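Just passing along the structure, written as C-alpha cells.
None of the figures in this text is laboratory data; all of them are computed from the coordinates on show. Computed from a predicted model, the values in this text were never measured in an experiment. Here the Cβ is made from the backbone with ideal geometry for all residues, glycine too, and neighbour counts use every protein chain on show.
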C-alpha cells in the first residue's frame, strides 16, 4: 500500500505519549530558514546517534522492552520528521517501517502494554499498512478503553484512512465522555461539529445522486 501522510485536526503530543503524530513540525517547516535547517540537521544526527546507541544496548539485552521502546521511538521520530519536512522520503519511510518492526518485537515481549500497541498502530498507518493499523488500534483500546488519546487517534485513522465518518464520530464521542481537560474537550467538540457537518454533506450528496 502507498504511504499515507496524516491530516491532523487536533494538536497532538510527542512520541511516547500515545499520540502518533507530530503536527508541530508542519509549522516549523514553513517558518524555518537556514537556522531551522541547521537545527533539523542537528536533530537528525542526534536521532541517528540514539539509534546506534540503542542498537548496541540491544545486542546485550535483546529482550529489554525499555530499550526496544526507545529504539522504536527514535526510528519513529526520525521517519516522521523526514516525511513531514519532505526530506529523504524513502529513507523516512524505511525508518518508520523499522520502528514498526521494533514496536512489534516489544509487544511480543510485553503484550499488555497499551502504549506499545498505540505507537505500532501509528507507525503502521504512516507506512500504509491499514490492516495492521486498525488491528493495533483495537488492541490498544481493548487494554485501555478509556484512553482519550487513543480514541482520538483511532478516530483520525477511521476518518482519514478509511473515510468512516460514523466510526470517527463514535470514537470522538467516547473520547469526549472520558476527557477531563478543558482544552481537549473543546477540541473534541469542534471535531465532532466537523464530522457532523461532513455527515450532512454526505447525506445531501446521496439524496442528489
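Efficiency by 1/(1 + (r/R0)^6): what FRET value for residue 65 and residue 170, r their Cβ-Cβ distance, R0 = 41 Å, to the nearest 0.05? Please report the intermediate quantities before stating the final value.
Working: r = 32 Å, r/R0 = 0.78.
Calculated value: 0.80.
I've got another one for you. Starting from the 7 Å offset along Cα-to-Cβ, what nm value, one decimal, do you get for the label separation of residue 163 and residue 90?
Those two pseudo-labels are separated by 3.1 nm.
Let me ask another. Given axes a ≥ b ≥ c from the Cα gyration tensor, I'd like to know whether region 27-162 is rounded (a/c under 1.5), prolate (a/b larger than b/c) or oblate.
Details: a/c = 2.17, a/b = 1.22, b/c = 1.78.
Oblate shape, in that a/c is at least 1.5 and b/c is the bigger or equal ratio.
For residue 183 and residue 200 in the same chain, what is the full-extension length gain: residue separation times 0.36 nm, less their Cα-Cα distance, in nm? Working shown, then result.
Working: separation 17, 0.36 × 17 = 6.12 nm, distance 2.60 nm.
Length gained, residue 183 through residue 200: 3.5 nm.
Pull out a ≥ b ≥ c, the square roots of the eigenvalues of the alpha-carbon gyration tensor of region 85-165, then state rounded if a/c is under 1.5, prolate if not and a/b is larger than b/c, and oblate in the remaining case. Display every interim value, and only then the final one.
Numbers: a/c = 2.22, a/b = 1.20, b/c = 1.86.
The shape class here is oblate.
Just subtract the alpha-carbon distance of residue 193 and residue 42 from 0.36 nm times their residue separation and send over the number in nm, one decimal.
Details: separation 151, 0.36 × 151 = 54.36 nm, distance 4.04 nm.
Answer, rounded to one decimal: 50.3 nm.
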